[in-house]
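Participant: I have a structure here, written as C-alpha coordinates, and I will follow up with some questions on it.
The values are calculated or read from the model by the stated rules, or taken from the named source; none is laboratory data. Keep in mind it's a predicted model, so treat the numbers as computed, not measured. All Cβ positions, even for glycine, are placed from backbone atoms using ideal geometry, and neighbour counts span all protein chains on display. These area figures cover heavy atoms from the full protein model, side chains too; ligands, DNA and RNA do not enter into them. Shrake-Rupley method; radii C 1.70, N 1.55, O 1.52, S 1.80 Å.
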Amino acid sequence: MSGGDVARKKDKVQKTNAMRELERGGVAYEAITFEEPEVMGTSELGVQIAHMLGYDPAQGFKTLVCVGPKGDHVVCCVPSGDELDLKKAAAAAGEKSLSLMHVRDLEAATGYVRGGCSPVGMKKRFPTLVDETAQLFDTIYISGGRRGLTLEVAPEPLAAFVGAKFADIVAD
(Lines give C-alpha, C1' and ligand atoms only; values in the text may rest on other atoms or scores of the structure.)
Protein backbone atom coordinates (compact mmCIF):
# COMPACT_ATOMS: atom_id res chain seq x y z
CA MET A 1 0.00 0.00 0.00
CA SER A 2 1.16 3.51 -0.63
CA GLY A 3 0.50 6.38 1.79
CA GLY A 4 -3.18 7.04 2.34
CA ASP A 5 -4.40 3.77 0.85
CA VAL A 6 -7.34 2.24 2.66
CA ALA A 7 -8.59 -1.35 2.75
CA ARG A 8 -12.24 -1.90 3.63
CA LYS A 9 -13.93 -4.94 5.23
CA LYS A 10 -13.83 -7.26 2.23
CA ASP A 11 -10.03 -7.29 2.27
CA LYS A 12 -8.25 -9.97 4.29
CA VAL A 13 -7.32 -8.49 7.68
CA GLN A 14 -5.37 -10.39 10.30
CA LYS A 15 -7.64 -10.65 13.33
CA THR A 16 -6.75 -8.90 16.58
CA ASN A 17 -7.99 -9.61 20.10
CA ALA A 18 -10.48 -6.76 19.69
CA MET A 19 -11.95 -8.29 16.53
CA ARG A 20 -12.12 -11.79 18.02
CA GLU A 21 -13.82 -10.49 21.18
CA LEU A 22 -16.42 -8.50 19.22
CA GLU A 23 -17.17 -11.56 17.10
CA ARG A 24 -17.53 -13.76 20.20
CA GLY A 25 -19.92 -11.19 21.65
CA GLY A 26 -21.97 -10.95 18.47
CA VAL A 27 -21.12 -7.26 18.00
CA ALA A 28 -21.05 -6.22 14.34
CA TYR A 29 -18.09 -4.18 13.12
CA GLU A 30 -16.27 -3.20 9.98
CA ALA A 31 -12.48 -3.43 9.95
CA ILE A 32 -10.63 -0.71 8.05
CA THR A 33 -6.88 -0.84 7.53
CA PHE A 34 -4.79 2.14 6.58
CA GLU A 35 -1.22 3.22 6.30
CA GLU A 36 -0.36 5.42 9.24
CA PRO A 37 0.38 9.07 8.63
CA GLU A 38 4.04 10.07 8.77
CA VAL A 39 3.63 11.95 12.06
CA MET A 40 2.82 9.46 14.83
CA GLY A 41 2.15 10.45 18.40
CA THR A 42 0.73 13.91 17.76
CA SER A 43 -2.46 14.99 19.45
CA GLU A 44 -4.02 15.48 16.02
CA LEU A 45 -3.30 11.95 14.77
CA GLY A 46 -6.89 10.77 15.20
CA VAL A 47 -8.17 13.79 13.30
CA GLN A 48 -5.66 13.10 10.50
CA ILE A 49 -6.83 9.49 10.31
CA ALA A 50 -10.51 10.55 10.21
CA HIS A 51 -9.84 12.89 7.30
CA MET A 52 -7.80 10.22 5.53
CA LEU A 53 -10.58 7.62 5.90
CA GLY A 54 -13.38 10.08 5.17
CA TYR A 55 -15.37 10.19 8.40
CA ASP A 56 -16.29 12.99 10.80
CA PRO A 57 -13.41 13.38 13.30
CA ALA A 58 -16.02 13.59 16.09
CA GLN A 59 -16.86 9.93 15.30
CA GLY A 60 -13.29 8.75 15.92
CA PHE A 61 -12.59 7.81 19.52
CA LYS A 62 -9.17 7.42 21.10
CA THR A 63 -8.70 5.07 24.02
CA LEU A 64 -6.88 6.40 27.06
CA VAL A 65 -6.07 4.34 30.13
CA CYS A 66 -6.09 6.09 33.49
CA VAL A 67 -4.91 5.11 36.94
CA GLY A 68 -6.72 5.83 40.19
CA PRO A 69 -5.12 6.58 43.58
CA LYS A 70 -5.14 2.90 44.55
CA GLY A 71 -3.68 1.75 41.24
CA ASP A 72 -7.02 0.78 39.71
CA HIS A 73 -7.33 1.26 35.95
CA VAL A 74 -10.14 3.07 34.14
CA VAL A 75 -10.44 3.08 30.35
CA CYS A 76 -11.72 6.30 28.77
CA CYS A 77 -12.81 6.75 25.15
CA VAL A 78 -13.04 10.33 23.92
CA PRO A 79 -13.32 11.91 20.48
CA SER A 80 -9.89 12.01 18.85
CA GLY A 81 -9.73 15.79 18.62
CA ASP A 82 -10.79 16.35 22.23
CA GLU A 83 -8.98 16.16 25.54
CA LEU A 84 -10.02 14.00 28.46
CA ASP A 85 -11.15 15.91 31.55
CA LEU A 86 -9.59 13.86 34.35
CA LYS A 87 -11.83 15.37 37.03
CA LYS A 88 -15.03 14.58 35.11
CA ALA A 89 -13.75 11.07 34.35
CA ALA A 90 -12.85 10.46 38.00
CA ALA A 91 -16.31 11.57 39.11
CA ALA A 92 -18.00 9.37 36.48
CA ALA A 93 -15.85 6.39 37.52
CA GLY A 94 -16.44 6.94 41.23
CA GLU A 95 -12.74 7.61 41.85
CA LYS A 96 -11.25 10.39 43.96
CA SER A 97 -8.89 11.28 41.11
CA LEU A 98 -7.41 9.85 37.92
CA SER A 99 -4.16 10.35 36.07
CA LEU A 100 -3.15 9.13 32.63
CA MET A 101 -1.24 5.87 32.62
CA HIS A 102 2.38 6.32 31.56
CA VAL A 103 2.91 4.99 28.03
CA ARG A 104 5.67 2.65 29.26
CA ASP A 105 3.08 0.79 31.39
CA LEU A 106 0.41 0.53 28.70
CA GLU A 107 1.40 -2.72 27.01
CA ALA A 108 1.98 -4.60 30.27
CA ALA A 109 -1.44 -3.57 31.62
CA THR A 110 -3.53 -3.84 28.46
CA GLY A 111 -1.63 -5.91 25.89
CA TYR A 112 -1.80 -2.96 23.50
CA VAL A 113 0.76 -0.39 22.35
CA ARG A 114 0.29 3.36 22.06
CA GLY A 115 -1.64 4.13 18.91
CA GLY A 116 -3.21 0.67 18.89
CA CYS A 117 -5.07 0.60 22.21
CA SER A 118 -8.67 -0.58 21.90
CA PRO A 119 -11.34 -0.61 24.61
CA VAL A 120 -12.07 -4.20 23.51
CA GLY A 121 -9.82 -7.21 24.07
CA MET A 122 -7.48 -5.91 26.77
CA LYS A 123 -5.69 -8.45 28.97
CA LYS A 124 -8.23 -7.70 31.68
CA ARG A 125 -11.60 -5.96 31.58
CA PHE A 126 -11.41 -2.58 33.27
CA PRO A 127 -14.19 -0.11 34.10
CA THR A 128 -14.78 1.83 30.89
CA LEU A 129 -16.20 5.27 30.16
CA VAL A 130 -17.22 6.43 26.70
CA ASP A 131 -17.87 10.11 26.13
CA GLU A 132 -21.60 10.68 25.76
CA THR A 133 -21.14 12.26 22.32
CA ALA A 134 -20.71 8.73 20.92
CA GLN A 135 -24.48 8.35 21.26
CA LEU A 136 -24.99 11.07 18.64
CA PHE A 137 -23.76 8.72 15.90
CA ASP A 138 -25.02 5.48 14.38
CA THR A 139 -21.42 4.27 14.31
CA ILE A 140 -18.11 5.35 15.80
CA TYR A 141 -14.51 4.42 15.02
CA ILE A 142 -12.20 2.87 17.60
CA SER A 143 -8.76 1.32 17.40
CA GLY A 144 -8.81 -2.24 16.13
CA GLY A 145 -6.06 -3.31 18.51
CA ARG A 146 -3.01 -2.43 16.44
CA ARG A 147 -1.68 0.57 14.60
CA GLY A 148 -3.14 0.98 11.14
CA LEU A 149 -6.45 -0.71 11.97
CA THR A 150 -9.70 0.94 12.98
CA LEU A 151 -13.07 -0.62 13.66
CA GLU A 152 -16.40 0.97 12.81
CA VAL A 153 -18.96 -0.14 15.37
CA ALA A 154 -22.30 1.04 16.78
CA PRO A 155 -21.74 2.76 20.15
CA GLU A 156 -24.60 1.16 22.10
CA PRO A 157 -23.66 -2.50 21.39
CA LEU A 158 -19.99 -1.64 21.99
CA ALA A 159 -20.76 -0.07 25.37
CA ALA A 160 -23.02 -2.96 26.35
CA PHE A 161 -20.36 -5.49 25.39
CA VAL A 162 -17.49 -3.89 27.33
CA GLY A 163 -19.73 -2.80 30.22
CA ALA A 164 -19.04 0.87 29.50
CA LYS A 165 -20.89 3.83 30.88
CA PHE A 166 -21.63 6.89 28.73
CA ALA A 167 -20.63 10.11 30.50
CA ASP A 168 -19.49 13.68 29.82
CA ILE A 169 -15.73 13.21 30.16
CA VAL A 170 -14.40 15.72 27.61
CA ALA A 171 -12.64 18.92 28.69
CA ASP A 172 -14.70 22.07 28.03
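Participant: Regarding T128, is this residue in contact with a helix residue (DSSP H, G or I) (Cβ under 6 Å, 6 or more places away or on another chain) and open to solvent by less than 40 Å² (accessible area, probe 1.4 Å)?
Facilitator: Here the answer is yes, as T128 does meet what is asked.
Participant: Is it true that V162 is at pLDDT below 95 and over 10 Å from T63 (Cβ atoms)?
Facilitator: Answer is no for this residue.
Participant: Let me ask another. Collect the residues in region 116-134 that are touching a Gly at 6+ places or on another chain (Cβ under 7 Å) and under 18 Å from G148 (Cβ atoms), keeping them in residue-number order.
Facilitator: The answer is G116, S118, G121.
Participant: A follow-up question, please. Kindly evaluate K62 against the criterion of being at pLDDT 90 or above, out of contact with any Asp or Glu (no Cβ under 6 Å at 6 or more places or on another chain) and surrounded by fewer than 18 Cβ atoms within 10 Å (Cβ to Cβ).
Facilitator: When the stated conditions are applied, K62 does not pass them.
Participant: Take region 131-145 and flag every residue that is surrounded by fewer than 19 Cβ atoms within 10 Å (Cβ to Cβ) and either β-branched (V, I, T) or at pLDDT below 95 (or both).
Facilitator: Correct list: T139 only.
Participant: Which condition number in (1) in contact with a helix residue (DSSP H, G or I) (Cβ under 7 Å, 6 or more places away or on another chain); (2) open to solvent by less than 30 Å² (accessible area, probe 1.4 Å); (3) without any contact (Cβ under 8 Å) to a residue 60 or more places away in the chain is the one that V113 fails?
Facilitator: (2)
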